[in-house]
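Here's the structure, in C-alpha cells; my notes come after.
The values are calculated or read from the model by the stated rules, or taken from the named source; none is laboratory data. In this text the structure is predicted, and so the values were computed from the model without any measurement. All Cβ positions, even for glycine, are placed from backbone atoms using ideal geometry, and neighbour counts span all protein chains on display.
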C-alpha cells in the first residue's frame, strides 16, 4: 500500500469512524483507524518538513508554498516521491460488504468517493 493512499483516505476514515455500528465491527474499525492515523501522521510530518526544506524555514516558523510559486514544481516532485513510498500496513480483516451494510439506511454518511478511498483497505491478506 502506498503512503499517498493512506494520506488521501484519512478524511473518509474519519467519516466512517463517526458512524454508529455493531460493536464488533466498530472495534475493528477503531483499531484499524488508529493504524491508518499513525501512517497518516508520518506522511504529514514529512510533508511539513519538505515545505520547511524548500522554503528555508525552521520547524515552528510559518511556511507555505503558493500554487503559482516557482518552488511548487520542486515541492510537487518531492511530495510525489514521499507519497509513493510503500508502507507495511496490512488490509483490515473485515469484509467491505459488511461495512457497507452498516451504512444502509444512513443517508449522507459516506459518498461514492469515500467508499472508493476506503475499499482498497479491506479484505485482509
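Please find, among 51, 65, 82, the residue that is at pLDDT 95 or above, farther than 30 Å from residue 102 by Cα, touching a helix residue (DSSP H, G or I) at 6+ places or on another chain (Cβ under 8 Å) and assigned to a loop (DSSP other than H, G, I, E, B).
Values: 51 fails: assigned to a loop (DSSP other than H, G, I, E, B); 82 fails: assigned to a loop (DSSP other than H, G, I, E, B).
65 is the lone residue from the list that is at pLDDT 95 or above, farther than 30 Å from residue 102 by Cα, touching a helix residue (DSSP H, G or I) at 6+ places or on another chain (Cβ under 8 Å) and assigned to a loop (DSSP other than H, G, I, E, B).
In the range 78-101, what residues are under 22 Å from residue 44 (Cβ atoms) and more than 17 Å from the chain's Cα centre (by Cα)?
Within the range 78-101, 78 is the sole residue that qualifies.
Can you tell me which of (1) assigned to a helix (DSSP H, G or I); (2) out of contact with any strand residue (DSSP E or B) (no Cβ under 9 Å at 6 or more places or on another chain) is the one residue 99 doesn't meet?
Here residue 99 clears every test but (2).
Mind checking which residues of the range 49-80 are exposed (fewer than 11 other Cβ atoms within 10 Å of the Cβ) and within 17 Å of residue 6 (Cα to Cα)?
Correct list: 80 only.
This table checks each residue for (1) part of a helix (DSSP H, G or I); (2) modelled with pLDDT of 95 or more.
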{"residue": "7", "(1), (2)": "yes, yes"}
{"residue": "11", "(1), (2)": "yes, yes"}
{"residue": "32", "(1), (2)": "yes, yes"}
{"residue": "70", "(1), (2)": "no, yes"}
{"residue": "88", "(1), (2)": "no, no"}
